[in-house]
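Engineer: Here's a structure for you.
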Amino acid sequence: MNNPCAPSDWLPDREAGPLRRCIVTGESKPKPGLLRFVVGPDRDIVPDLAEILPGRGIWLTPNRTSLQRAVDKRLFARAARSNVAVPTDLVDRVDRLLVRRCLDRLGIAKRAGALECGFEKVRGALREGRVAVLIEASDAAPQSGAKLAAPAAGLPNCRYFSRADLSLALGRENVVHAALIHGRLAQPFLTEIARLSEFRGDFDGDGASRAEPAQVAE
């Protein structure tokens, strides 16, 4: 199967909402298409991916290149109009936080009964047409999902996370295959996957993405 994909027609409208200016490109974009940072109490730059922290937001185009440029060019201090401390690992920290948000969404779905685990349960859900997103471990054997290819045709296929990551997030051993069921929890997960994919520069011209195994935030 293909690596994870998140075509634009699976995502919420990113052209709606209040505009914010990226401190790197200078372009104004709707908030859903940007990443927010704030200055913390200790004058350090803090990622605010949930957009809930107090303080004036500092907004960036959501990719590693833009964030690294903001760090290298000291653009956070310019945007904050004061001296700020920027963590040396800020780019990797944001990547880990994006991964954690994806895995947290899967954990919520599992607890809500909206996620199936195990090859047979996933295959059954696919045959019944209940699956919104297929999830396969990034370190699964290439042939392990071959029998799921036909029933999963056309579905988002997420292969960002290792078996260890999935097992820890879902509270069970050796998770290789999982399926997120249609319902209100599917779109939030797809949105988070798209943010991670865009941050890593994994989108290709068709909206599909290519990804390496994720690094999970501690």
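Engineer: Could you please rank Thr65, Thr88, placing first whichever residue has the fewest other Cβ atoms within 10 Å of its Cβ?
Structural biologist: Working: Thr65 12, Thr88 9.
Listed from fewest to most nearby Cβ atoms, that is Thr88, Thr65.
Engineer: Going 7 Å from the Cα of Thr88 toward and past its Cβ, which residues in the stretch 29-47 have a backbone nitrogen under 17 Å from where you end up?
Structural biologist: 45
Engineer: Give the lysines whose C-alpha is closer than 26 Å to that of Lys73, dropping any in the same chain fewer than 8 places away, or say none.
Structural biologist: Lys29, Lys31
Engineer: Need the full-extension length gain, Ala141 to Ala164, defined as separation in residues times 0.36 nm minus the C-alpha distance. One decimal, nm.
Structural biologist: Values: separation 23, 0.36 × 23 = 8.28 nm, distance 1.43 nm.
Full extension from Ala141 to Ala164 adds 6.8 nm.
Engineer: Sticking with this one: Report the relative contact order of the chain, percent, no decimals, based on alpha-carbon pairs under 8 angstrom and at least 6 residues apart.
Structural biologist: Values: 369 pairs, mean separation 59.2, N = 218.
In percent, rounded to a whole number, it is 27.
Engineer: How big is the charge dipole of the stretch 93-200 about its Cα centre, in debye rounded to the nearest 20, if each Lys and Arg gets +1 on its Cβ and each Asp and Glu gets -1 on its Cβ? Could the numbers behind the result be given before it?
Structural biologist: Numbers: 18 positive and 11 negative charges, 42 e Å.
The dipole magnitude comes to about 200 debye.
Engineer: Using only the Cα atoms of the stretch 19-88, build the gyration tensor, take square roots of its eigenvalues as a ≥ b ≥ c, and label the shape rounded, prolate or oblate: rounded if a/c is under 1.5, else prolate if a/b is larger than b/c, else oblate. Display every interim value, and only then the final one.
Structural biologist: Numbers: a/c = 1.61, a/b = 1.17, b/c = 1.37.
Oblate, because a/c is 1.5 or more while a/b does not exceed b/c.
Engineer: Given the options Ala85, Gly26, Ile58, identify the residue whose Cα lies farthest towards the positive end of the charge dipole of the stretch 19-88 (+1 on Cβ of Lys, Arg; -1 on Cβ of Asp, Glu).
Structural biologist: Positive-end residue among those listed: Gly26.
Engineer: Something else about it: Measure off 7 Å from each Cα along the Cα-to-Cβ vector at Glu51 and Glu173, then give the distance between these two points in nanometres to one decimal.
Structural biologist: 4.3
Engineer: Dividing the convex hull volume of the alpha carbon atoms of the stretch 93-200 by its residue count, what do you get in Å³ per residue? Spell out each step's value before the answer.
Structural biologist: Numbers: hull volume 10.3 nm³, N = 108.
Roughly 96 Å³ of hull volume per residue.
Engineer: Provide Asp89, Asp104, Asp202 in ascending order of the number of other Cβ atoms located within 10 Å of each residue's Cβ, fewest first. Provide the component values of the computation, followed by the final result.
Structural biologist: Values: Asp89 11, Asp104 14, Asp202 21.
In order of increasing Cβ crowding within 10 Å: Asp89, Asp104, Asp202.
Engineer: By the gyration tensor of its Cα atoms, with a ≥ b ≥ c the square roots of the eigenvalues, what is the shape of the chain: rounded for a/c under 1.5, prolate for a/b over b/c, or oblate? Intermediate results must be reported in sequence, preceding the final value.
Structural biologist: Details: a/c = 2.24, a/b = 1.98, b/c = 1.13.
Verdict is prolate for the chain.
Engineer: So what's the net charge close to Leu90: Lys and Arg +1, Asp and Glu -1, counting the other residues with Cβ under 14 Å from its Cβ?
Structural biologist: Values: positive: Arg36, Arg64, Arg69, Lys73, Arg74, Arg93, Arg96; negative: Asp44, Asp48, Asp72, Asp89, Asp92, Asp95.
With Lys, Arg at +1 and Asp, Glu at -1, the neighbours total +1.
No value in this document is a laboratory result; all are computed from the given coordinates. As the structure is a computational prediction, the values presented were derived from the model and not from experiment. With ideal geometry, Cβ positions are generated from the backbone for all residues, glycine too; neighbour counts draw on all protein chains shown.
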